[in-house]
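Trainee: One structure follows; several queries about it will come next.
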Amino acid sequence: MQRKKIYNVFILILAIMLSATVSSEVKAQGQVKSIMFTGRVVGVKGTQTLGKAYIFIPRAGRGTLADPEGYFALPVFPGDSIVFSYLGYQKQYHIIPRRHMEESYSAIILMKEDVKTLAEVKVYPYATEEEFKKAFVAMKLPDEFERNNLEQNTRQELLMQLAAVTPLSAAGNYRNFMDQQIFGRENAANRSFTTAIPFLNPFAWAKFINSVKNGDLKKKDYRAILNQAPRENITRQDVINKN
């Protein structure tokens with residue numbers, strides 16, 4: 001019985017202590033006063049003022065705008081979280097210290113630029129696909145003049161004409177002279193030999209018979225190539241007269 005009384009007294013004392021603590025906390029909360037939060041909103045470099053920046057307290061549901069110079073004044077409470085936003089900049093969050101007991105609080109808010117890289121957009125001066133195709137076909141290349149000159153200067157007729165009218169250089173004359181000397185020596189060395197007649201060559205006859213069997217004589221491709229090749233006894237005067 002005595003133990004039960006002691007236990008009841010202990011519970012009563014504990015309840016009184018808890019009620020005193022709660023009442024002191026409620027009283028302390030009731031004594032919390034607002035703080036005038038002042039400051040300036042600037043860019044991250046500190047030289048650009050962000051006028052008309054938006055300042056908002058989410059928990060209280062209220063806010064304000066900075067003046068054209070970036071200065072602002074807003075009543076807040078300790079522990080409030082303030083959001084600063086400005087077009088082209090990232091949102092900045094600032095928390096009022098909970099143990100701040102003075103009537104005013106100041107801070108410089110530095111905001112970072114929000115850089116976003118957009119995809120490349122190419123604008124063409126054509127309304128429809130048909131107009132683009134016509135413009136593409138009629139388009140002239142930057143090196144079209146050089147291409148035309150190259151085509152004109154590398155024609156086979158022009159090269160043959162240049163070869164006929166261009167005199168030999170010193171190296172060409174020397175080579176021509178040496179060729180004549182070498183071929184002349186070979187002709188002099190082969191004077192005592194009998195010239196071979198292809199008509200009596202059995203290998204030539206075998207090749208001719210095989211070409212007849214294969215139908216090589218019926219093909220017309222070699223004639224076009226033969227007509228394009230200049231004849232063996234062509235002279236420089238023939239090329240000049242032709243052009």
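Trainee: When you go through (1) outside any helix (DSSP H, G or I); (2) of a type in the set (Phe, Trp, Tyr); (3) at pLDDT 80 or above one by one for Phe193, which number turns out not to apply?
Mentor: Unmet condition: (3).
Quick grid of which residues meet (1) surrounded by fewer than 17 Cβ atoms within 10 Å (Cβ to Cβ); (2) touching a Pro at 6+ places or on another chain (Cβ under 9 Å); (3) in contact (Cβ under 8 Å) with a residue 24 or more places away in the chain:
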| residue | (1), (2), (3) |
| --- | --- |
| Pro68 | yes, no, no |
| Val76 | no, no, yes |
| Val83 | yes, yes, yes |
| Ala107 | yes, no, yes |
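Trainee: When Met36 is evaluated against the numbered criteria (1) aliphatic (A, V, I, L, M); (2) open to solvent by less than 60 Å² (accessible area, probe 1.4 Å); (3) modelled with pLDDT of 90 or more, which criterion, by number, is the only one it fails?
Mentor: (2)
Trainee: Can you give me the number of residues within region 132-151 that are open to solvent by less than 100 Å² (accessible area, probe 1.4 Å) and under 29 Å from Asn227 (Cβ atoms)?
Mentor: 2
Trainee: Cβ-Cβ distance below 8 Å, separation of 6 or more or different chains: which pairs start in region 114-130 with a residue that is under 30 Å from Ser85 (Cα atoms) and end on one that is modelled with pLDDT of 85 or more?
Mentor: Within 8 Å, the pairs are Asp114/Gly88; Asp114/Tyr89; Asp114/Gln90.
Trainee: Find the residue count for region 49-66, including only residues that are buried (at least 19 other Cβ atoms within 10 Å of the Cβ) and without any contact (Cβ under 8 Å) to a residue 40 or more places away in the chain.
Mentor: The qualifying residues number 3.
The values are calculated or read from the model by the stated rules, or taken from the named source; none is laboratory data. This structure is a prediction, so every number in the text was calculated from the model and none was measured. Cβ coordinates were reconstructed from backbone atoms using ideal geometry, including for glycine residues, and neighbour counts include every protein chain displayed. Surface areas here come from the heavy atoms of the whole protein model, side chains and all, with no ligands, DNA or RNA. Shrake-Rupley method; radii C 1.70, N 1.55, O 1.52, S 1.80 Å.
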